[in-house]
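See below for the structure under consideration.
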Amino acid sequence: MLLRFENLKKVGEVYINPGNLRTIPLALRDWRDFLSLDETTYGVYARTIYNPSERFLVVNERDEKTVRDLEGLYRELLKDSLRFCREEYHHYQLQVGEFEGLPFANGWAGSGIVLVGEAPGRKGCGKTGICFYRDASGMLLRKTLFSLGINPDFVYMTNVVKCNPPGNRLRGFGEGELELLERELEVVKPRAIFAIGRTAEKALKRLGFEFTYLRHPAWYVRRGIREPNGDILEEYSAIKEAFGEWTF
């Protein structure tokens, strides 16, 4: 499940995973070109460096142990799914997922920046296995981070609930989901956690973690906002402040 940084290729101002692409784009200049790649031509995972078999970025030796521990948690999720997911959610996830396994998390744990969402969306993470990817709210979040100078693939993203709820209607979370999230965050050891949406806020309060609350991008999408505007950029600038000026 690990993806080594040295296996990425920098094209223009963005990093790509050659394994995700049917053909390498010739004219990538910046993130706008990156996010506009046609999935039919370039592949379903063309606009991210991750895929269900390469979920966690390894930049240095310290990342190796973290990723191995995350892989262990993921294996537990697969082995004892109904302990960590409601049965109805798990059953529905198996219907909508177009990949082998279950949604879990993705990103670079070594960044120390963790975005905790609510649950996989039917057209996004539930379908692809990659958090905040492909659906309207996920792509708005990615565009917002890019606009702030942060590559969204270089933070760590997860959800409180790991399986897509039927009809995208999330009805809370259970103790099993809290246990898995707590253990996951203990492995990642974040220096900054962001609760994306009220469900994440409630879960992190229950677990006693310090965090910053941000409105879920779906809140903006429901109001017709699909491109970053002043409000979401101002709100999400808190992530930029926490991320700092890290460059590869």
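For the range 92-130, the set of residues classified as assigned to a loop (DSSP other than H, G, I, E, B) and closer than 18 Å to LEU77 by Cβ consists of GLY97, PHE99, GLU100, GLY101, LEU102, PRO103, PHE104, GLU118, ALA119, PRO120, GLY129, ILE130, listed by residue number. Looking at the range 193-200, can you tell me whether even one residue there is part of a loop (DSSP other than H, G, I, E, B), within 22 Å of VAL160 (Cα to Cα) and out of contact with any Cys (no Cβ under 9 Å at 6 or more places or on another chain)? Yes, the conditions are met somewhere in the range 193-200.
Taking the range 217-233 as the range and being crowded, with 20+ Cβ neighbours inside 10 Å and assigned to a loop (DSSP other than H, G, I, E, B) as the test, only PRO228 passes. Among the residues making up the range 119-133, a single one is surrounded by fewer than 24 Cβ atoms within 10 Å (Cβ to Cβ) and either in contact (Cβ under 8 Å) with a residue 40 or more places away in the chain or of a type in the set (Ser, Thr, Tyr) (or both): ARG122. Of the residues making up the range 136-177, those that are surrounded by fewer than 22 Cβ atoms within 10 Å (Cβ to Cβ), part of a loop (DSSP other than H, G, I, E, B) and not hydrophobic (A, V, I, L, M, F, W, C) are GLY149, ASN151, ARG169, ARG171, GLY172, GLY174.
Could you check the range 3-20 and list, in sequence order, the residues that are buried (at least 17 other Cβ atoms within 10 Å of the Cβ) and in contact (Cβ under 8 Å) with a residue 24 or more places away in the chain? Result: LEU3, LEU8, VAL14, TYR15, ILE16, ASN17, ASN20. The set of residues in the range 201-216 that are outside any loop (DSSP other than H, G, I, E, B) and among the charged types (D, E, K, R) comprises GLU201, LYS202, LYS205, ARG206.
Residues considered: LEU57, LEU73. Of these, the only one that is part of a strand (DSSP E or B) and either within 19 Å of LEU181 (Cβ to Cβ) or in contact (Cβ under 8 Å) with a residue 12 or more places away in the chain (or both) is LEU57. A Cβ distance below 7 Å, combined with a sequence gap of six or more or placement on separate chains, defines the contacts here; from the range 224-246, residues that are farther than 15 Å from THR212 by Cβ reach residues that are among the basic types (Lys, Arg) and surrounded by 14 or more Cβ atoms within 10 Å (Cβ to Cβ) in the pairs GLU227/LYS143; PRO228/LYS143. Among residues of the range 45-54 being over 17 Å from GLU6 (Cβ atoms) and free of Cβ contacts under 8 Å to residues at least 60 places away in the same chain, the one that is surrounded by the most Cβ atoms within 10 Å (Cβ to Cβ) is ALA46. Would the range 26-41 turn up any residue that is touching a helix residue (DSSP H, G or I) at 6+ places or on another chain (Cβ under 6 Å), closer than 24 Å to GLU100 by Cα and modelled with pLDDT of 95 or more? Scanning the range 26-41 turns up no residue that is touching a helix residue (DSSP H, G or I) at 6+ places or on another chain (Cβ under 6 Å), closer than 24 Å to GLU100 by Cα and modelled with pLDDT of 95 or more.
The values are calculated or read from the model by the stated rules, or taken from the named source; none is laboratory data. All values reported here derive from a predicted model rather than from experimental measurement. Using ideal geometry, Cβ is built from the backbone for each residue, glycine included, and neighbour counts are taken over all protein chains shown.
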